[in-house]
Amino acid sequence: MSKRKGNERLSEKVDSFLSKIQFSQVSFDTKISMLNEVAKMTSIPHVNQMTADNLMQLLATSNFEKTEKMDGANWSAGVTKNGKTYTKTKRGKPETNPAAHFKLRDLNWGVYDAFGRSIQMLNKGGFPAWYKKIEKEYRGRIMRELKPKEYNGFGIFGEIFGSNQSNALAYDSDAVGNGALVVFGVKVDDGTPKGIEISTNKIGYEIMDKFVRKFDRVMGWRVYNKKPVGLKVNKTYVTAIKRFLKKYLPDIKNRKRDPDSLLRKVKAKQELERIVTNFKKDMLRQIDTLRSFMGDTEIEGVIIRNKDNGAIAKIVDVEKFTALNIKNWAGRSAMVDEKKQLYKDMIEKVVNSADIFVIQSKIQQKLGDYLEFKGKDKFDSLDELLAVIYEDAADEVKLKSAKAIQKDVARLINVYIKSVRKIIKETEDKQKDESTKIDEFNFNLTMNELKRDIEFMQGFLDKVKGSKTWTSIVEFLLGPKAIEDLVKNYVK
């Protein structure tokens, strides 16, 4: 069968399928991503996981900034072209409406509430007017000193806290207030996702300092500058690493596949790992004696930046915090394992392992083919898009009727809910034993997460039993992140 005839058949099936389902407002808010992309946070690698080139850049000079790594959530803020305050999570989109964050707070821990309230705090403090003033004040210097190809203002970066404990560490409640921000960076928006880092530049320091002085105490929030720590970077290790790289970098970067080249490469990388691990251990011994400026008896780690070139790394006792998080997240991890099994069973038993749910590239191919045949650039709705995916699966494998599949999905979901209820009981029992008890914050977080998941699954089951059985199943199997990407790229 020709590609055109296949597309024609798929189009007819989709049109027929769409005519049978009731169209209500799609579950994904297509207006959530109306803003353009903004500069994202610079990724911070662990020092012992850096590439040889990045390690050389970090240690190129000894002009280091060493600051406390905070145990919160990555936050950034700026002003849109139409003058509205936005805040952004690490991987999310810029949001100007607090309600966009608030609607997510029940799907995850309370940090979304803090993101929404931070917009309210910034607006109360006159952030757009302040931003406009600062942007005008520094525009000339930025253009002269940084020479960006494009200039769209700047973004402020920091860690946000909605309460005294976001993850493993518990900070002092007074230090957090109604919410807290620890500002650690500024980026010039030059039209690229990477942006231009000026977090150790004099301009960046000045902007951060003015931001802190302007917004600290607004609506009871505490706003801090990043805090330097007394960590010494041992010159002996730095010299040893630099000497080793100078001698063996060609071996490490060699792409030849002959036995001798591969052996030299492996040996060089192993020796470099040994030296860097000792370097890290020396710094971890110092970190063990440090206390957080926000009140905890310990700190999560240290961020090291080379002030001359902006290279950055983090020093964290991964084993220590992994062990703590495993204990704190035991119930939630068990739920994730059960959910993985549920998805596996849904793929195998509900959609019969259809390729379009297993081979990601096939989704883009089928959507593109359908749009090309229809002669349009975008789908009119998410339902239309989901119908294309469903019909492709139905063409490839035999799928049951909506009525028959409702029973199969109900059985799988009910088994899953039963397993989560068992996890809830086990978590409650462990909390009664001092040897397995976790802190109250993480216990409540775990219990809320487990109970919310049951509510979500029950809601999903209700949708499956309704008039949009298959589109609900397709949306569930793709997951929220994939749906967000598909809406952004394919839906009007």
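Brief remarks on what is shown
- Residue match in the stretch 224-236 (condition: crowded, with 22+ Cβ neighbours inside 10 Å and in a helix (DSSP H, G or I)): no
- Complete set of residues in the stretch 145-177 that are of a type in the set (Phe, Trp, Tyr), over 13 Å from Phe441 (Cα atoms) and touching a Ser or Thr at 6+ places or on another chain (Cβ under 8 Å): Phe157
- Scanning the stretch 457-472 for residues that are in a helix (DSSP H, G or I), in contact (Cβ under 8 Å) with a residue 12 or more places away in the chain and surrounded by fewer than 17 Cβ atoms within 10 Å (Cβ to Cβ) gives Gln458, Phe460.
- If the condition is being more than 14 Å from Met335 (Cα to Cα), under 29 Å from the mean Cα position of the chain (by Cα) and part of a helix (DSSP H, G or I), then the stretch 413-442 contributes Glu440, Phe441, Asn442.
- 2 or more residues in contact with a Phe, Trp or Tyr (Cβ under 8 Å, 6 or more places away or on another chain) and over 30 Å from Glu273 (Cβ atoms): qualifying strands (runs of 3 or more DSSP E) within the stretch 47-145: 73-79, 85-89
- Candidates Ser199, Ser166 - the one that is farther than 24 Å from Asp308 by Cβ, surrounded by 21 or more Cβ atoms within 10 Å (Cβ to Cβ) and not aromatic (Phe, Trp, Tyr): Ser166
- Selection from the stretch 191-207 of residues that are farther than 30 Å from Arg285 by Cβ and either part of a strand (DSSP E or B) or of a type in the set (A, V, I, L, M) (or both): Ile196, Ile198, Ile203, Ile207
- Taking the stretch 349-388 as the range and being within 16 Å of Ser11 (Cβ to Cβ) and of a type in the set (Ser, Thr, Tyr) as the test, the residues that pass are Tyr370, Ser381.
- Among (1) surrounded by fewer than 19 Cβ atoms within 10 Å (Cβ to Cβ); (2) in a helix (DSSP H, G or I); (3) not polar (S, T, N, Q) - the single one Glu298 does not satisfy: (2)
- Some residue of the stretch 274-287 being closer than 29 Å to Leu245 by Cα and in contact with an Asp or Glu (Cβ under 6 Å, 6 or more places away or on another chain): yes
- Filter result (among the aromatic types (Phe, Trp, Tyr) and surrounded by fewer than 13 Cβ atoms within 10 Å (Cβ to Cβ)) within the stretch 361-387: none
Results for (1) of a type in the set (A, V, I, L, M); (2) at pLDDT 90 or above; (3) part of a helix (DSSP H, G or I); (4) out of contact with any Leu (no Cβ under 7 Å at 6 or more places or on another chain), shown as yes or no for each residue.
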residue: Ile363; (1), (2), (3), (4): yes, no, yes, yes
residue: Glu372; (1), (2), (3), (4): no, no, yes, yes
residue: Lys376; (1), (2), (3), (4): no, no, no, yes
residue: Leu385; (1), (2), (3), (4): yes, yes, yes, no
residue: Ala394; (1), (2), (3), (4): yes, no, yes, yes
residue: Lys398; (1), (2), (3), (4): no, no, no, yes
residue: Gln406; (1), (2), (3), (4): no, yes, yes, yes
residue: Arg411; (1), (2), (3), (4): no, yes, yes, yes
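- Scanning the stretch 234-283 for residues that are over 25 Å from Ile315 (Cα atoms) and among the small types (Gly, Ala, Ser) gives a single hit, Ser261.
- Residues of the stretch 302-321 that turn out to be at pLDDT 90 or above and assigned to a strand (DSSP E or B), as a count: 9
- Failed criterion for Gly72 (all others in (1) over 24 Å from Lys280 (Cα atoms); (2) modelled with pLDDT of 70 or more; (3) touching a Ser or Thr at 6+ places or on another chain (Cβ under 6 Å) hold): (1)
- Scanning the stretch 374-412 for residues that are of a type in the set (Gly, Ala, Ser) and either closer than 28 Å to Met335 by Cβ or touching a strand residue (DSSP E or B) at 6+ places or on another chain (Cβ under 9 Å) (or both) gives Ser381, Ala393, Ala410.
The values are calculated or read from the model by the stated rules, or taken from the named source; none is laboratory data. Please read these numbers as outputs of a predicted model, since none were measured by experiment. Cβ atoms come from the backbone with ideal geometry, glycine included; neighbour counts cover every protein chain shown.
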